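Working notes for the structure below.
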Amino acid sequence: MSQPAGTRSRLSANDLRQCLRIAIGASIGFLISKMMGWNYGVFFTVFPMFLLGMVPVINMHVVRQFLANACLNIVEVSLVVGLTQHMPVVMTGLVFMLFLWRFSLMASGPLFLFGANGVLTLSIMLHFASYPDLDLFDLLASNTLASVLAVLIAFLMHGLLPDRDPRQPPQPVVKSRELRRHQTLIGAITATLSFVVFQSLDLRDSLSAQMATILILFALGYHGARASARKRAIGTLLGCNLALVLQMVLFTQSDHLLLVMVSYFGGLLLFAREHILEGGGSGVGFGGMTTLGILFGQYLGPNQDLVLDALYRFSSMCVALLATLVVMAVLHRLLDRWPAVSSHG
């Protein structure tokens, strides 16, 4: 009898290949960004993880969603920031409308990847782009380049390490109209509040915390987000601890790219295995991978104290997750009072 996802202890042939695709693909993105000296290394490390980890197959439907989102991000961020940066209320309203559209696509199902990738990248880019001293062109160019590179890496990994057996397509989930509205509203409102808080408190260095508040929304509801938050916290703690251990091992050699690559790849392999055994969702494994990707891609450098960064990322992430869950619990109860947007519809 087959074991349910999340309780398995061994990888199948397909699982092993996907595990290797994630670790090697994310390492390639990290290596290229470091060798080229590109800014926003988080895009180049996390995007391959997202594309290879959350989507077990690669096809033109997936590619169109991923690249279309990158192109649309340029227009959305340029217009919202360029035209409304001096009008915070109007800007917040537009951000809410963008999130509302993305979460409606996620709740419907067929365009979940487009919506999820859009919510994640928009939340990061809108926050960074709203600071006057930031180079908006550099931000948009990095996001677009990282998206194209992630697609090329995904095709390369699937070409070198194809699945041994054909995968069964996921069964579509049937939802009532009321439930879709409930999931759309709770996601859009929470994501908008996250944007407002991180913007108002000038939390530019809390990228891990901001991503954590968005990633748990992929569960599309309070009950799913509560379980996801616990796994996300565990994954982030493990990712921070592993980053600390690797920093101690590297010591003064953190500018030695080959040594960094070996340690980074080993960490990714561990978390990728856990991610696959969990069933491929946003759990402990994916949380550990993205934490490692953020710390190595965005903050690792010859003069950077990764120890302090790791401790700060974990503490800020825990506070952000707790606050997000409180907001979602309140919204869940309020929305359930109206039959038209009730989760029981």
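The values are calculated or read from the model by the stated rules, or taken from the named source; none is laboratory data. None of these values were measured; they are calculated from a predicted model. In this analysis, Cβ positions are derived from the backbone assuming ideal geometry, glycine residues included, and neighbour counts consider all displayed protein chains. Each accessible area value is taken on the protein alone, full model and side chains, heavy atoms only, with ligands, DNA and RNA left out. Shrake-Rupley method; radii C 1.70, N 1.55, O 1.52, S 1.80 Å.
When you look at residue 32, is it among the aliphatic types (A, V, I, L, M), under 28 Å from residue 269 (Cβ atoms) and part of a helix (DSSP H, G or I), yes or no? Please lay out each step first, then the result.
Numbers: among the aliphatic types (A, V, I, L, M): yes; under 28 Å from residue 269 (Cβ atoms): yes; part of a helix (DSSP H, G or I): yes.
It is true that residue 32 is among the aliphatic types (A, V, I, L, M), under 28 Å from residue 269 (Cβ atoms) and part of a helix (DSSP H, G or I).
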task = Identify the single condition in (1) over 18 Å from residue 121 (Cα atoms); (2) modelled with pLDDT of 85 or more that residue 228 does not satisfy, given that it satisfies every other one.
result = (2)
query = If a residue has to be small (Gly, Ala, Ser), modelled with pLDDT under 85 and buried (at least 18 other Cβ atoms within 10 Å of the Cβ) to count, how many in region 250-279 make the cut?
reply = 1
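Among the listed residues 17, 8, 21, which satisfies the condition of being at pLDDT below 85 and either open to solvent by 10 Å² or more (accessible area, probe 1.4 Å) or over 14 Å from residue 149 (Cα atoms) (or both)?
8
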Selected residue (criterion: farthest from residue 224 (Cα to Cα)) from residues of region 95-113 that are open to solvent by 70 Å² or more (accessible area, probe 1.4 Å) and at pLDDT 90 or above = 97
message = Looking at region 114-140 only, could you name the residues that are open to solvent by less than 20 Å² (accessible area, probe 1.4 Å) and either touching an Asp or Glu at 6+ places or on another chain (Cβ under 6 Å) or free of Cβ contacts under 8 Å to residues at least 40 places away in the same chain (or both)?
response = 115
task = Check whether at least one residue in region 172-182 is in contact with a helix residue (DSSP H, G or I) (Cβ under 6 Å, 6 or more places away or on another chain) and not charged (D, E, K, R), and report yes or no.
result = yes
